[in-house]
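Structure, as structure tokens:
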Amino acid sequence: MTLLRSLDRLLYKIEFGFLVAFLSSMILLAFMQVVLRNVFGTGIVWADTIVRHLVLWSGFIGAALATGKEKHISIDALTKYLSARTRHIVMVFTCTFAVITCYYLGRAGWTFVLEQQLNGGELVLGIQTWVALLIIPAGYFLIAFHFLIKLIENAISTFDGKQEAK
Amino acid sequence: MSPILIGIGLALLALLGAPLFAIIGAISMLSFAGEGIDISAVIVELYRIGSNPTLVAIPLFTFAGYVLAESGAPTRMVNLARAFFGTIPGGLSVVVLVTCALFTAFTGASGVTIVALGGLLYPILLKEQYPERFSLGLITTSGSLGLLFPPSLPLILYAITSGISIDKLFAAGIIPGILLVLILAAYGIRQGKKLNIPKTPFSWMNVISALKAAAWEVPLPFVIVGGIYTGTFTATEAAAVTAFYVLVVEVFIYRDLNLFKDIPRVMKESMILVGAIIMIICTAMGLTNYLVDQEVPMKLFEFTKTFISSPVMFLVVLNIFLIIVGMMMDIFSAIIVVVPLIIPIAAAYEINPVHLGIIFLTNLEIGYLTPPVGLNLFISSIRFEKPVFTVVRATLPYILILLVALMVITYVPELSLWLGDTLNIK
């Protein structure tokens, strides 16, 4: 468990790093493009495509980070009123569901990537289209993993019966 | 397992707080699988919406909003608004409404307004002898007030899901948005008069020094709105300019935020919200397309036609329905799941889709204030350490006022359509 937990933490750190890199390049590229278009009447051919895919990449990574912070959009009107212990039990169920669903979404994403690989095709700058789409399965699998850790943590807390200070 | 059992199970999981994107994702995968279609169809739709060029505006505007929220911009904005409006009776309530509305337009009604601005304004309200209940209700209501002003996130999302041009929707929101602010300001001024709250004398010195302090931020709304309305740049380009400009101004000119110490954290916080929204958009697209393929909207229309014959009656029912939706769902999922279903129905009743969008968002704005899931109620309750029930009671008069405004917006389509038509925005 300690190993899994440190892996979880390491993953969050890596995601954070990538997120900052992606968002920074998105801001710079998008701004450069506006300046080039409006001031110089030109533009970088590949920039728009790259920016659009950066949104997808940083969106999925943001979603992975949202898992740790419990910031996914959900209905929390009911769970607010539960006791800490009951909430742990409920979380075990909801996390299990999230893990399974994300796993299947990730598998569906993988199928999609394989299809694109078969079709071939280049996005821009020599990047194969299927490579740009890898974030879809990767993102879902990352989210599934983070939910799995949450599931285990909540299961442990349920059996320990200890009140987690939050 | 029968579909009904699965449906009950999923509804239960949703109520227990399972992430909504997973619920929606599970429903779409099960629906496709039920038709014998490979579940990767969900991903095909995901990629189609995920590479939509307008989507770029979401992370850029959200990031800009979060940077503004973390910087000294809220304080400077409040000072500026006080210099202008402090002199009228109940002027501080006008300050609250105007600054919060502007701020929400940038931060997308994600609760940031109440935390960043409310925390600043609430103590000032109390210090100037505004009653606690009045102040609490005012701040809670203001937390989602700017929803109809560009470049708010819900407007962008509505444009993406409905396929309406984002520029057109940006123009449509302005007048109804101003109406909401005015009508609430009138209430605030009346209360201010009734309670005999002392006024601050007007001084040009104050105005000039406040303007000087906020000199780099004041042009921002004008550049965005003006740039889009004159066709100088698109909404997405405006987002790129805003994100870059705000970053430079707050980090290098005001030095409120440190590029290496603060900005990565702000990036993370803003992208967590964006990620959560993009997850919902992406997974919901598969479901909505499935529903449209199955002609669910048309079936719903056939059903409603037997009860509702006139467009006016349809609008009444629509408002009631949307307020219920707003009570149950947050605005982001509501837009993505409900909009594609009601657009064809509304079109059958000859409701303009742009007008429909404004009605939709005004309803959902009220939904932020209605129990049981009204987001603002909970944020206020946590931020100001008051029981949710107290917040609900404080917000009640404002909800009633907003409902009146909603009726006006619903039955006077010109409010939403006039500006766009006059400026001939495509």
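In summary, the lysines within cross-link reach of B:Lys261, defined as a Cα separation below 16 angstrom excluding same-chain residues under 8 places away, comprise A:Lys13.
Computed from Cα positions, the angle between helix B:331-348 and the longest principal axis of chain B comes to roughly 60 degrees. Scalar couplings 3J(HN,Hα) for segment B:49-58, obtained by applying the Karplus form with A = 6.51, B = -1.76, C = 1.60 to θ = phi - 60°, are 6, x, 9, 5, x, 5, 4, 4, 4, 5 Hz; x denotes Gly and Pro. When chain B is treated as a Gaussian network with alpha carbon springs shorter than 10 Å, the biggest mean-square fluctuation among B:Ser152, B:Ser144, B:Ser162 belongs to B:Ser162.
Under the simplified labelling scheme, the B:Asn352-A:Ile156 pair shows an inter-label distance of 5.9 nm, with each label point 7 Å from Cα along Cα→Cβ. Spin-label model, B:Arg48 to B:Tyr411: label points 7 Å out along the Cα-to-beta-carbon direction sit 4.0 nm apart.
Between B:Ile401 and B:Lys386, the simple label model (points 7 Å from Cα in the Cβ direction) yields a spacing of 1.4 nm.
Averaging 1/r across all pairs of distinct Cα atoms in segment A:27-90 and inverting the result yields a Kirkwood radius of 15.2 Å.
Largest GNM mean-square fluctuation across B:Ile37, B:Ile58, B:Ile189, computed for chain B with C-alpha springs under 10 Å, falls on B:Ile37. Taken about its Cα centre, segment A:40-131 carries a charge dipole of roughly 540 debye when the Cβ of each Lys and Arg holds +1 and the Cβ of each Asp and Glu holds -1. Computed over every Cα-Cα pair of segment B:86-155 and binned at 5 Å starting from 0, the pair-distance distribution P(r) comes out as 4, 20, 29, 23, 14, 8, 3, 0 percent. Using the Cβ-Cβ distance between B:Trp418 and A:Ile89 with R0 = 45 Å, the FRET efficiency computed as 1/(1 + (r/R0)^6) comes to roughly 0.25.
Taking the inverse of the mean reciprocal distance over all distinct Cα pairs, the Kirkwood hydrodynamic radius of segment B:314-375 comes to 11.5 Å.
A viscosity of 0.692 mPa s and a temperature of 37 °C, combined with the Kirkwood radius over C-alpha pairs in the Stokes-Einstein formula, give the protein assembly as shown a diffusion coefficient of 132 µm²/s. For segment B:187-303, the Cα-based Rg and Dmax, in that order, read 23.1, 65 Å.
Expressed as a whole percent, the proportion of Cα-Cα pairs in segment B:2-54 lying more than 14 Å apart is 60%. In chain B, once you exclude exposed chymotrypsin sites (Phe, Trp or Tyr not before Pro) (DSSP loop, at most 13 other Cβ within 10 angstrom), what's the longest stretch remaining? The longest such stretch corresponds to B:1-259.
Taking segment B:64-83 and a reference point 7 angstrom along Cα→Cβ of B:Leu120, the backbone N atoms nearer than 15 Å belong to B:65-83. Across segment B:131-192, Cα-Cα pairs more than 18 Å apart make up 44 percent of the total. The convex hull of the Cα atoms of segment B:50-131, projected and averaged over all directions, covers 5.9 nm². Peptide B:276-286 shows a mean partner chain C-beta count of 5 within 10 Å per residue C-beta. Using alpha carbons only, how many angstrom separate the centre of segment B:115-143 from the centre of segment A:10-71? Taking the Cα centre of segment A:10-71 as reference, the centre of segment B:115-143 is 36 Å away. On a 0 to 90° scale, report how tilted helix B:20-34 is relative to the longest principal axis of chain B, with both axes built from alpha carbons and the result rounded to the nearest 10. The angle comes out at about 20 degrees. In order along segment A:58-66, phi translates into HN-Hα couplings of 6, x, 5, 5, x, 5, 4, 5, 4 Hz, rounded to whole numbers, per the Karplus curve 6.51 cos²θ - 1.76 cosθ + 1.60 with θ = phi - 60° and x for Gly and Pro. Helical content alone sets the calculated 222 nm signal of chain A at -27000 deg cm²/dmol, taking -39,500 (n - 2.57) per DSSP H segment of four or more residues and averaging over every residue. In this entry, chain A is assigned a mean projected area of 12.4 nm², taken as a quarter of its C-alpha convex hull surface. Lysine pairs in segment B:127-244 whose alpha-carbon atoms fall under 24 angstrom of each other, counting only those eight or more residues apart or on distinct chains, come to 4.
Annotation: amide H of A:Gln128 within the under-5 Å range of A:Leu123, sequence separation 5 or more or interchain, hydrogens built in the peptide plane. Shape analysis of segment A:81-158 yields a ratio of the Cα radius of gyration to the Kirkwood radius, Rg/Rh, of 1.23.
Taking the Cα atoms of segment B:1-116, the ratio Rg/Rh between the radius of gyration and the Kirkwood radius comes to 1.22. Which translational diffusion coefficient, to the nearest whole µm²/s, is obtained for segment B:170-249 from the Stokes-Einstein equation, given a Kirkwood hydrodynamic radius over C-alpha pairs, 10 °C and 1.306 mPa s? Value of D from the Cα-based Kirkwood radius: 100 µm²/s. For chain B, the longest piece that avoids every one of the GluC sites (Glu not before Pro) found in DSSP loops with at most 15 other C-beta atoms within 10 Å covers B:36-294.
Any idea what angle helix B:388-411 forms with the longest principal axis of chain B, computed on alpha-carbon atoms, 0 to 90 degrees, nearest 10? Result, in degrees: 70. For segment B:278-423, the Kirkwood estimate of hydrodynamic radius, built from reciprocal distances between every pair of different alpha carbons, is 16.6 Å.
Pairwise alpha-carbon distances in chain B exceed 29 Å for 47% of all pairs.
Mean per-residue shielding of peptide B:247-254 is 1, counting Cβ atoms of other chains within 10 Å of each Cβ.
Panel values: segment B:28-71, Kirkwood radius from alpha carbon pairs, Stokes-Einstein at 37 °C and 0.692 mPa s, translational diffusion coefficient 257 µm²/s. Between B:Ala186 and B:Leu259, the FRET efficiency estimated from the beta carbon spacing at R0 = 35 angstrom works out to 0.20. Largest GNM mean-square fluctuation across B:Ser51, B:Ser380, B:Ser333, computed for chain B with C-alpha springs under 10 Å, falls on B:Ser51. Take each residue in B:232-243, count the other chain C-beta atoms within 10 Å of its C-beta, and the mean is 4. Quarter the surface of the alpha carbon convex hull of segment B:266-341 and you get the mean projected area, 6.1 square nanometres.
No lab work stands behind these numbers, since they all come straight from the coordinates. Only a predicted model underlies this, so the values are computations on that prediction, with no experimental measurement involved. Heads up, the Cβs are rebuilt from the backbone with ideal geometry, glycines too, and the neighbour counts pull from every protein chain shown.
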